[in-house]
Structures are given as structure tokens and as C-alpha cells.
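The values are calculated or read from the model by the stated rules, or taken from the named source; none is laboratory data. Owing to the predicted nature of the structure, the values given are computational and were not obtained by experimental measurement. Cβ sites come from the backbone with ideal geometry, for glycine too, and all protein chains shown count toward neighbours.
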Amino acid sequence: MKLPQKFLIIAISVTLLGISTPAKAEFSYAYPVSGCKTEFPWYHHDYPAADIKARMGCAFVAPIGGVVQDVSRKDLWSGKTNLGKDRGGLSVSIIGDDGVRYYGSHLSKVEVGIEPGVRVEIGQKLGEIGRTGSARGIPRPHLHFGISYQTEPGDWEIRRGAIKPWKFLAAWKKGENLSPVKAVTRAKKRAGK
Ligand SMILES: [Zn+2]
């Protein structure tokens, strides 16, 4: 075979291979706890979310690039009132570049500069795992992690979680880019929003 022919065949093969392999994931995702051993049950009480157990002070990081939506820097929770909006204690929500809202709560600390409207990149530290809000007194700290569709800032009921996040977390932990966009779109439709 002549050299130019060989190149042509290689070029065609590469093109065909490109068509037959699945499209690259549009967005990159990161597991939301970095540098620490974690575990989470594939279960959550009352509504879909994840309670990711990790050591106190472990980093809660942005699972995707996006913009900060809600930040709570004060633990206003009281066992007497147990208000829904206060249960998260210190928390951060971001709107990811994929249009999905991601929420982490019960934090011991929110990073300086994490304020509504601020751009964050994938893997950027947002805060530290803690035990604030309704997690006060629970022996083992955890990150409450919720995936939901967008609503108004401060909407605690939706942001706490609208879809089951476990398979996405498991994929991100393995370094796979599994996107929750379709699941979130379905949940939004179901809710009539
Ligand atoms: Zn929880």
C-alpha cells in the first residue's frame, strides 16, 4: 500500500470511530467532598437527598462550575421551632453551568468570598463539613447534599433535594461524568414547575 492511501484509511477509520463512540459528556462533575474518606447510604428520610458522612472540617467543594445562589453563614436553628429554612444551618447553594441547583448544608464554615452571584469553579472549596442546623448533637458530622431544579433563592424546600442523588455521587466519586440534568428536568415537570 502506498503511503498516501495508508493515511487516507487511517483518516477514515478515525472519523468513523469518532461517530460511533458516545458523545463526550457536556459538563464535568466532581464529588462534593475532597481529600477525605466519606460514605453515604443510598437512602434519605422523607425526601431525596444524600447525607455524606465525613470528618469535621473536610472540604465541601463545588461539584461543577457555576454561580453561588444562596449562602447561610449563621446557625439560626432551634429545636423548639425547627423551622425548615433553619434546618440546614450553614449552607451554600450554587447554580451549576448545567442549570442544576446543588446544595450542601450542616457546614461548620463557609469560605470567605463565597457570596451570592460569585463565580465558582469545579472543585473549588465552598466550606467545611460540620454539624450545624438540625444536625446539632448528631455524633458523626455529615454533608447534607441536595440536587434540584432552580427556583427562587431561599427556597429551602426545593433546594434540600428534588432527585435521588446517589448514583450521580457514586459516579463522580469514580471520576465519571454522569449528569443529573435529565433527572432534574423530569422532577421539575412532575412538580408542575
Ligand atoms: Zn440530610
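Results, tabulated for the structure shown:
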read-out	value
Residue ID - surrounded by the most Cβ atoms within 10 Å (Cβ to Cβ), chosen from residues in the stretch 102-118 that are among the hydrophobic types (A, V, I, L, M, F, W, C) and more than 16 Å from the ligand (Cβ to nearest atom)	Val110
Of all residues in the stretch 140-163 being assigned to a loop (DSSP other than H, G, I, E, B) and within 15 Å of Pro63 (Cβ to Cβ), the one that is nearest to the ligand (Cβ to nearest atom)	Gly161
Conditions (1) over 22 Å from Phe27 (Cβ atoms); (2) at pLDDT below 95; number of the one not met by Ile158	(1)
Residue among Gly137, Gly84, Gly99 that is surrounded by fewer than 16 Cβ atoms within 10 Å (Cβ to Cβ), more than 13 Å from the ligand (Cβ to nearest atom) and touching a residue at least 40 places away in the same chain (Cβ under 8 Å)	Gly99
Residue in the stretch 119-130 that is in a strand (DSSP E or B) and exposed (fewer than 14 other Cβ atoms within 10 Å of the Cβ) present	yes
Residue check, Ser148 in contact with a His (Cβ under 8 Å, 6 or more places away or on another chain), of a type in the set (S, T, N, Q) and buried (at least 18 other Cβ atoms within 10 Å of the Cβ)	no
Restricting the stretch 37-60 to residues that are surrounded by fewer than 21 Cβ atoms within 10 Å (Cβ to Cβ) and outside any loop (DSSP other than H, G, I, E, B), the residue that is farthest from the ligand (Cβ to nearest atom)	Ala59
